[in-house]
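The values are calculated or read from the model by the stated rules, or taken from the named source; none is laboratory data. Everything numeric here is computed off the predicted structure, so don't read it as measured data. Glycine gets a Cβ as well: all are built from the backbone with ideal geometry, and neighbour counts include every protein chain shown.
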Amino acid sequence: MFSSAFQDIDPGVLPPELGIAAGDVTGIIDVVVVASPTYYDASTFCAKRFPVDIQLKRYTAPVTLVTDTRCSDFFTVNCEWESYAKLDPCPAVYVATSTVKNPDGSVALTQTQSFYSPGKVGAAAPSFVPGTPGGSPSVTPSAPKTDETVTLTFQTIRNCATTVLGDCKVQWGDGAVQSVPCPDSAPTRVPHVYGTAGRYTITVEVFVKDAILPDPPADTRSISVTVVPPNVAPDSLTLTWTQSVDADGASRTRWTARAKDANGNLKTLTLTLDGSVTYSYDCPTAAGADCSATWEHRKACSGPILNRLTATDALGASTSFGIDPSTVVATTRGVFTAAPAFTTASVVQGSEASLVLVGSHPCPAQGIRCQVDWADGTNPEVVSCSSAAGAKHLYNTFPRPIAAVVVVQEAVTSPAGTSFVTSSQALANIQVTNKAPSASVVASAAAASPAYLGSIISVLATASDVTAELSFLTATLATPFGGSSTLYSAAISPPRQTFTYSTTPVFVDGSVSIGTGQQPQALLRFVVRDHVCKETGFTLTCRVSWGDSATVVDTVPCDQSAGLAHTYAAVGRYTARVVAEAFLRVDGRTSGQALSLTATVDVTNAAPTASVTASQGPLTAAGAAITVTPTAADVDSNLAKLEFTLTASNGFFYRGTPSCTGASCAPAAVTLQVTCPGVYTADAIATDSLSLTGSARTTIPIDTPPASFSGNPSFGAGPFLKNSPVSLTFTPAHVCSIIAQQATLKCTIFWGDNSPDDAFPCGSGVGQQRSHTYQSSGPFTATVTVSVPNSPTNTEGQASASLVVSSGTPVLDPSSFRITPLLLPVGGSVSAAATATDPGADLKELVIDWGDGTNTSFPCTASPKSTCSLPATASHVYSVTGVFAPTATPADDDGTPASPVPLPAGFVVVYDPQGGFVVGGGWITSPPGALASDTAQTLTGVASFGFNSKYKAGASAPTGNTEFVFSAGGFRFRSTSYDWMVISGSRVQFKGSGIVNSQPSPVYKFSIMAEDGGSTPGSDRFRLRVFSLAADGTTEIKVYDNFVGGAATDCASLSDPSCDFRAATTALGGGSIVIQKSPSGRRSAV
């Protein structure tokens, strides 16, 4: 025999001159020469001298790799050796030639065989060119959108000259698959469009083809890509603003911006004001879907504010929004740099007073002016806004305190022109005091006539008063003698009384309630009547001080018969003062008079009111929801607090204190889950700022919630058999802790099979387990009802569990299944024994499948039918040869399917003692994983074999020899005995024992399956199984098996219906197998 194998080999065991290094692919020529009887001397058992030449060449681009000559000396029956050669790393076909010569040098036999070397692992596989672009797969764009074209770029190369790049297969990860040409010289670019966003894994496979050799494996690369939805510009832009005025009069606007983005990639918010001022905010990554920003903008000049909000996402898409500028107006005002003040606290009437004031405006282009109402009856006067030296005014009024009103007015331009409006106002106080009158006297003497009368002294006394308020003048004359006399005494008429109170000041209601609600305000009524003889230049004004620090009201009409209204902010007693002033200006001089009267009012407080409602939701096992809605109101608009509670006699308590101020409040309703029955009371109490209260109450009854389960009913995993107890477990529960702790629940089970209900007391949260026996098979549903005893309402809770009760699956004891004998000639008879049991006690029959296409049914007659055995007469006659695998299957009355039980002993072998013979020799390629000792499962190569087997006349076991050599694995097997052989058409199977690697022990079992394919080359097939038996005597332990396809197609017997013979055997690489039933049918090997 001649064979060849290829494998990686440690170069350290080879001669250095071979030039084989680590990692090289090494060829091994395994030569086995078996001398025929004509070539050796039977007396010496030595072969005659003849040499054997071998040569190894590469088939493509022929190169001679090995020449060797052996067997030139005498040798025993076999001559064998191994030669080594360094092979190409790429796959290639090699031709080995052996020439056997006669002793005289003539050629006796020439044999040529071709062999395939897979080369170095992966050497012929295609690969991707590294680097980007054009190398390992890359995707552009890196983050494509749906409906956007994605381009996959890669470049592949072939690593062996004998190969040709085939198509590349691209799997896009979305179910789409493309096959595209893959050139060896340029990058490949493949477009694709994803219709749905998501993360996809793209897989690229490149294949190479070989016209002669098997195609090498493909190379596969993968790359992931995330497809995002189409970008949508940000939306839902909102812009709000509030405004205030700074101390210097400038406008301050607070802007709040917000935008949303469906893609969640908002980047910036930008606010542009008046076309030149820009505020920007970078949105955090976490706020990519909803971003807000706030800015403050200060503007010195009044006028519309142009505004534009722009939201931009990370991909540059943007949306803008603006508010109508006519609705966003910057409000500025003129202000006082310092509070206006007189230079002196008082001034004598008839003298000038100096008022210092400085006004300004934040916008220089916006004009202002200042005006003073001197509060003395004169007209308001426009003065300089920068009167640091003081604005001058002559006060000629009667002595009194003066509160001058000073205002800053700013210019407002409109289509009608420029006007001035008041921006700021302040008061400046000064006291006008009285000036003393002046007097003069002139005296002269003249002789009296007659002279005896003495002298006449003339006295001229005069008086003047700048305030025109002289009331009395007296002139006296003193004598040298110490006496004096009043020469003149007269009253001087004062200025005319110009007015009187026809109605004295009085409040309409002596007591009013505080606030601005529905109660009336405080009304002060008075009337000042003018003097009937009013002169030109006469003026009359009235002023009111309310007594509560409110600003004095100037120039109030003096006829308040309808009442002058005022609102007091706090309770108490207040005194209002009315001052009426009359002025008469004649010849540039002013005289005046003032009358002051008061009125008193009491301001009181009204108690607030409260209301509360309570409503109930559906009553369930979880209890009921009570919704409490409190409200409060106060006509005085000074609510301070609202408190509400929900309580019950079962211990439930809840308190709520929502914020509540002003005239009324209606906080959001509060929903509370209650679990126990009872009457629930809702109270609401409203309190105002003066601690007055108002309250309301309502009640709502709650019934007992139904019971439930904290663990639903369950029968467990089964199986469930009729006439056998089953257990139902469940845990009842009640949501009310009072009932759960103090009351006993009632549990009732309806088993669903017409049996009486099972009622019993049970506890909440206590697991229950009840047992029941079903008398028949089928599906059943058990319903558990839990209720609260003595409850006036329905408190039942229900839950169910289902199960299927069967009669049980009959079971056959494998150890009881026996067939004897196991080896018999064709036409022989066997007897059988087996015993089965059935938990449902309704066994019907035992069925034996004899494995040869026939079966026998044996009825079960014993009572009870829980056990059934084959009768002693159970037997069968095998009329055909073969290896058969009998099974036994029990069946019950319900037809419950049972699994066939195989014969523990394995097989029944039926042979034909006159069945011919089989002979074979050649080689196969041993696949990886065939040799059990090859833990890496990588060893492969040529394995040569030779066998012959024949039944001799009258023998119960065949005779013959089997040899098998797998050099790459260091494995050699030789048979020592045969057990049986079965020929079935063109197929044969025989079994026996043998040894491995010439070691006498242990002895292994083996089985060979083979097929004679006839004259068609390559159609013969072969399989060898070598195994040992475990301690149980039946379990096989693999040593060698050239079928590694798996147990699903394993063939232990030619008669096995699941046997896929061609999948379980290997086609011969060379040689032949001949199966001959009789000498007349013998044919020659091909």
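Summary of values
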| read-out | value |
| --- | --- |
| Test set (1) more than 30 Å from ASN790 (Cα to Cα); (2) surrounded by fewer than 19 Cβ atoms within 10 Å (Cβ to Cβ) - ALA686 fails condition number | (2) |
| Number of the exception - LYS722 against (1) in contact (Cβ under 8 Å) with a residue 24 or more places away in the chain; (2) assigned by TED's automatic domain parsing to the domain that holds SER777; (3) surrounded by fewer than 20 Cβ atoms within 10 Å (Cβ to Cβ) | (3) |
| Near pairs, Cβ below 7 angstrom, 6+ apart or cross-chain, from region 1005-1017 (in contact (Cβ under 8 Å) with a residue 12 or more places away in the chain and under 17 Å from GLN1076 (Cα atoms)) to any residue that is surrounded by 13 or more Cβ atoms within 10 Å (Cβ to Cβ) and hydroxyl-bearing (Ser, Thr, Tyr) | ILE1008/THR962; MET1009/THR1065; GLU1011/SER986; GLU1011/THR1065; ASP1012/SER986; GLY1013/SER1019 |
| Which numbered condition THR837 misses (of (1) within 21 Å of THR1034 (Cα to Cα); (2) under 57 Å from the mean Cα position of the chain (by Cα)) | (1) |
| Selected residue (criterion: modelled with the highest pLDDT) from residues of region 445-454 that are loosely packed, with under 10 Cβ neighbours inside 10 Å and outside any helix (DSSP H, G or I) | ALA446 |
| THR332 in a loop (DSSP other than H, G, I, E, B), more than 30 Å from the chain's Cα centre (by Cα) and closer than 30 Å to GLN409 by Cα | yes |
| Check on LEU939, within 19 Å of ARG1025 (Cα to Cα), crowded, with 21+ Cβ neighbours inside 10 Å and at pLDDT 85 or above | yes |
| Residue in region 363-373 that is farthest from ILE402 (Cα to Cα), counting only those that are in contact with a strand residue (DSSP E or B) (Cβ under 8 Å, 6 or more places away or on another chain) and modelled with pLDDT of 85 or more | ILE368 |
| Any strands (runs of 3 or more DSSP E) falling wholly within region 786-873 and containing at least 2 residues that are over 30 Å from ASP893 (Cα atoms) and in contact with a strand residue (DSSP E or B) (Cβ under 7 Å, 6 or more places away or on another chain) | 797-806, 823-825 |
| Check on ARG369, within 17 Å of GLN425 (Cα to Cα), out of contact with any Pro (no Cβ under 8 Å at 6 or more places or on another chain) and assigned to a loop (DSSP other than H, G, I, E, B) | no |
| Hits in region 246-286 (condition: aliphatic (A, V, I, L, M) and either touching a helix residue (DSSP H, G or I) at 6+ places or on another chain (Cβ under 9 Å) or surrounded by 17 or more Cβ atoms within 10 Å (Cβ to Cβ) (or both)) | ALA250, ALA257, ALA259, LEU266, LEU269, LEU271, LEU273 |
| Selection within region 814-861 - exposed (fewer than 15 other Cβ atoms within 10 Å of the Cβ) and farther than 28 Å from ASP912 by Cβ | PRO814, SER815, SER857, PRO859, THR861 |
| Residue under evaluation ARG972, criteria (1) modelled with pLDDT of 90 or more; (2) charged (D, E, K, R); (3) in contact with a Phe, Trp or Tyr (Cβ under 6 Å, 6 or more places away or on another chain), criterion not met | (3) |
| Residue that is at pLDDT 90 or above and out of contact with any His (no Cβ under 7 Å at 6 or more places or on another chain), where the choices are ALA717, ALA707, ALA696, ALA743 | ALA696 |
| Extreme residue, surrounded by the most Cβ atoms within 10 Å (Cβ to Cβ), among residues of region 737-759 that are over 21 Å from SER710 (Cβ atoms) and out of contact with any Ser or Thr (no Cβ under 6 Å at 6 or more places or on another chain) | TRP751 |
| Checking LEU903 against (1) of a type in the set (A, V, I, L, M); (2) over 16 Å from THR820 (Cβ atoms); (3) modelled with pLDDT under 90, the condition it does not meet | (2) |
| Any pair with Cβ under 9 angstrom, 6 or more apart, that starts in region 335-349 at a residue that is touching a residue at least 40 places away in the same chain (Cβ under 8 Å) and ends at one that is small (Gly, Ala, Ser) and surrounded by fewer than 12 Cβ atoms within 10 Å (Cβ to Cβ) | VAL335/ALA247 |
| Tally of residues being farther than 30 Å from GLN741 by Cβ and at pLDDT 90 or above across region 667-693 | 7 |
| Verdict on SER764 being under 48 Å from the mean Cα position of the chain (by Cα), without any contact (Cβ under 8 Å) to a residue 60 or more places away in the chain and not in a strand (DSSP E or B) | yes |
| Among residues of region 874-901, those that are touching a residue at least 40 places away in the same chain (Cβ under 8 Å), crowded, with 17+ Cβ neighbours inside 10 Å and not in a loop (DSSP other than H, G, I, E, B), counted | 10 |
| Residues located in region 910-940, provided they are in contact with a Lys or Arg (Cβ under 7 Å, 6 or more places away or on another chain) and among the aliphatic types (A, V, I, L, M) | ALA932 |
| Residue match in region 738-746 (condition: of a type in the set (Lys, Arg) and outside any strand (DSSP E or B)) | no |
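Residues checked against (1) under 19 Å from PRO900 (Cβ atoms); (2) modelled with pLDDT under 90; (3) aromatic (Phe, Trp, Tyr); (4) in contact with a His (Cβ under 8 Å, 6 or more places away or on another chain):
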residue	(1), (2), (3), (4)
SER815	yes, yes, no, no
GLY828	no, yes, no, no
ASP852	yes, yes, no, no
SER875	no, no, no, no
